[in-house]
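> After the structure tokens below, expect a handful of questions from me.
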Amino acid sequence: MFASVQNYLHTLSTDSKGRAAIHFSAEVHEFSTIVSKIVETLQIYHSVHPEIDADPKHVAFGLMTKGANTLMAGFELALTGYFWEPQILFRSALEGFATAWDIVNNPKRFAVWQAGKKFSSTDSISNLKKEIEPVGKMYGFLSEMYVHTSPINSSPPMFVSQGEAKFQFFGYLPPDKEDVRKGEVYVALLTSFVCLQLTEIIFHNYAKELETIEKIPGTDTVSTKVSARHRKFVDAAMAHFSTRSKDPSACF
């Protein structure tokens, strides 16, 4: 077994990820577009405000920079072929971006953060979902389905090969089975889009081009938007999840 683990780490994981990256080339391009906009906007903010201070936006910058790495780590796991694990990271990233939004928009929450008192990031999710309702549903789904251990998520991942159900060890998927991770890739796109939206809400003055919001002329407020390019992925994701809920074998 030791030799098998070594083979996976040195060879099979790279092979599996490479095939998935090609199979999901359009989704990889979309994810890259979204995450690059997050990082670019944060870097521009930091170039203007390089000092470390107690401003809530500086704390948000740190949380969102960490969150961008978490999104990438989750996406890499999804491309490598992992089933349960990517969503754990996507939930963590969403929680981090929500916390950043919360402490910037709610002075009382930032005071709790500064005071070193017990700060609950789940309270940030509760505050955010009042403004962006789908966040609550997404966070709840990721928590109940993937993070909190229960009968519904206690089974090891499997895939069907040559008509036979096989256990999947680590992230490796054989050739032509890449599509079974379509759902995990779609979750990455949906989560990263929300994270970009929160980044742009806070740091819209530093974005080269706004992707998820637009400024309302003559005011300091913004409205949300979804481009036709990204809408195609949202629609495809919803159709896939609907199919998978009716026929769970779709993920094998």
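> Quick one: accessible area per residue over the chain, 1.4 Å probe, rounded to a whole number of Å²?
Ligands and nucleic acids excluded, the figure is 52 Å² per residue.
> Relative contact order of the chain, please, whole-number percent, based on alpha carbon pairs below 8 angstrom and at least 6 residues apart.
25
> Something else: Any chance you could give the angle, 0 to 90 degrees and rounded to 10, that helix 133-142 forms with the longest Cα principal axis of the chain?
40
> Note down the magnitude of the dipole of segment 181-241 about its Cα centre, charges +1 on Lys and Arg C-beta and -1 on Asp and Glu C-beta and zero elsewhere, to the nearest 20 debye.
I would put it at about 260 debye.
> Modelling each spin label as a point 7 Å along the Cα-to-Cβ direction, I'd like the S120/F169 distance in nm, to one decimal.
4.2
> For segment 1-64, go through all pairs of different Cα atoms, get the mean of 1/r, take its inverse, and jot down that Kirkwood value in Å.
The Cα-based Kirkwood calculation yields 15.0 Å.
> Turning to a different aspect of this structure: What length, rounded to one decimal in nm, is gained on full extension from E40 through to K57, with 0.36 nm per residue of separation minus their alpha-carbon distance?
In short, 4.6 nm is gained.
> Using the alpha-carbon atoms, what tilt in degrees (0 to 90, nearest 10) does helix 56-80 show relative to the longest principal axis of the chain?
That works out to roughly 10 degrees.
> In addition: Go through 222-229, 27-34 and give me the packing order, highest mean Cβ count within 10 Å leading.
Going from most to least packed, we get 27-34, 222-229.
> Which three semi-axes in whole Å describe the equivalent ellipsoid of the chain, each the square root of 5 times a Cα gyration tensor eigenvalue, listed largest first?
For the chain, the semi-axes come out at 34, 19, 18 Å.
> Let me ask another. For the chain, with all protein chains present and a 1.4 Å probe, just round the carbon and sulfur fraction of the accessible area to a whole percent.
On the chain, the fraction of accessible area on carbon and sulfur atoms equals 58 percent.
> For N69 paired with I216, estimate the spin-label separation in nm (one decimal), with each label point 7 Å from Cα along the Cα-to-Cβ line.
Spacing of the two 7 Å Cα→Cβ label points: 3.8 nm.
> At a 1.4 Å probe radius, which order do M72, M64, M1, M158 fall into by accessible area, largest first?
I get M1, M72, M158, M64, largest accessible area first.
> Order these peptides, 90-102, 176-188, by their mean beta-carbon neighbour count within 10 angstrom, highest first.
Per-residue Cβ counts within 10 Å, averaged per peptide and sorted highest first, yield 90-102, 176-188.
The values are calculated or read from the model by the stated rules, or taken from the named source; none is laboratory data. What you see is a predicted model; the values in this text were computed from it and never measured. Because the Cβ atoms are built from the backbone with ideal geometry, glycine has one as well, and the counts that use them run over all protein chains shown. Just so you know, the surface numbers come from the protein's heavy atoms only, side chains and all, with ligands and any DNA or RNA stripped out. Shrake-Rupley method; radii C 1.70, N 1.55, O 1.52, S 1.80 Å.
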